[in-house]
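A.B. asks: Following this message is one structure expressed as structure tokens.
The values are calculated or read from the model by the stated rules, or taken from the named source; none is laboratory data. Given the structure is predicted, the values throughout are model-derived calculations rather than measurements. Note: ideal-geometry Cβ built from the backbone for every residue, glycine included; neighbour counts use all protein chains shown.
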């Protein structure tokens, strides 16, 4: 049963969330074959919820279904990264502008609580950094009070997150604590602009943040020096 006051998730929703997590974190690697029968066994779910989840993941471009050939995790390449970010940067800036105009003190208190998770830590694990980043972005999406924009960005975010996991897998143990620190500082600056309802400043900071991370991930994929660009 679901927790009191919360609706129970459907079986297809459970299948979707578990499969999406596996794809985003590269447990199911790019180009990997997706075996429905194996998934049913591993997730303990029937054919119908698995298939419903797969259809949803196909719409989100996380898998490709090829009739009579099979189901495959979509590949990761530089062109997709560039196309994804040219869409995402503009929508993220729009969301930040709307959030500055429509967001409330409650939203920014929530964002502050998310960022406080980094307080007192000398270094962050990749999982901690990703969780903080996702938490900040999703609060901004909610603060837009625009369900269409929120749903669109929520669908794009896992694609960006998979790119980030891919970059981390290429970095291996070469983690950069300076980048972690800069990431948190950037979100703090965005939050401060949002608290002041300064839409132009918040949007400009968000654009700088998104563009810098696109370049950072692109450099890793190309095998260049993985340095975060600054304005």
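For every residue, the table says whether it meets (1) touching a residue at least 12 places away in the same chain (Cβ under 8 Å); (2) assigned by TED's automatic domain parsing to the domain that holds residue 39; (3) in a helix (DSSP H, G or I); (4) under 21 Å from residue 152 (Cβ atoms).
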| site | (1), (2), (3), (4) |
| --- | --- |
| 83 | no, no, yes, yes |
| 89 | yes, no, yes, yes |
| 94 | yes, no, yes, yes |
| 106 | no, no, yes, no |
| 117 | yes, no, yes, no |
| 136 | yes, no, yes, yes |
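A.B. asks: Please pick out the residue among 92, 60 that is surrounded by 14 or more Cβ atoms within 10 Å (Cβ to Cβ) and at pLDDT 95 or above.
C.D. replies: Working: 60 fails: at pLDDT 95 or above.
One residue alone meets the criteria, 92.
A.B. asks: Of the residues that make up segment 116-130, is at least one more than 17 Å from residue 164 (Cβ to Cβ), modelled with pLDDT of 90 or more and surrounded by fewer than 17 Cβ atoms within 10 Å (Cβ to Cβ)?
C.D. replies: So far as segment 116-130 goes, yes, one or more of its residues are more than 17 Å from residue 164 (Cβ to Cβ), modelled with pLDDT of 90 or more and surrounded by fewer than 17 Cβ atoms within 10 Å (Cβ to Cβ).
A.B. asks: Still on this model: Which of the following residues is closer than 28 Å to residue 183 by Cα and out of contact with any helix residue (DSSP H, G or I) (no Cβ under 7 Å at 6 or more places or on another chain): 35, 80?
C.D. replies: Values: 35 fails: closer than 28 Å to residue 183 by Cα.
Result of the check over 35, 80: 80.
A.B. asks: So, one more: Scan 38, 82 and give me the residue that is more than 24 Å from residue 217 (Cβ to Cβ) and surrounded by fewer than 14 Cβ atoms within 10 Å (Cβ to Cβ). Explain how you work it out, then say what you get.
C.D. replies: Details: 82 fails: more than 24 Å from residue 217 (Cβ to Cβ).
Within the list 38, 82, the selection yields 38.
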